[in-house]
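The structure appears right after this line, and notes come after that.
The values are calculated or read from the model by the stated rules, or taken from the named source; none is laboratory data. This structure is a prediction, so every number in the text was calculated from the model and none was measured. Neighbour counts run over all protein chains shown; Cβ positions are idealised from the backbone, glycine included.
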Amino acid sequence: MSDKLREALRKVSDREREVLGHIARGATYGEIARCMKVSPHTVDTYLRRIRAKTGARNRMHLLLLALSIEGSLMSAIEDLGLLATPQLPERPERPDLPDLAQA
């Protein structure tokens, strides 16, 4: 983690870090508000303060900041129960088509 990022993160309050943790897990403003027992407007206020303190310009910057606090993208993916490599569905057999592998 860079010194500039560390310095920016020192300015972020515990409650703002909590919001970033929810962002890293993919929560919506409404979900964050319910979890933290505040209004969605308060969540928006926390996010505006985080942007002002860190220079984050958009939701992607907030997400990257949140992931840097949480540890890594892989741990966030695992927390969400997502696969790092998506698996394609099996293709059904088509008996009406010739088997091109044997041709």
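Couple of notes before you dig in:
- Residue among 50, 77, 69 that alone is at pLDDT 85 or above and of a type in the set (Val, Ile, Thr): 50
- Criterion violated by residue 11 - all others in (1) exposed (fewer than 14 other Cβ atoms within 10 Å of the Cβ); (2) in contact (Cβ under 8 Å) with a residue 24 or more places away in the chain; (3) under 18 Å from the mean Cα position of the chain (by Cα) satisfied: (3)
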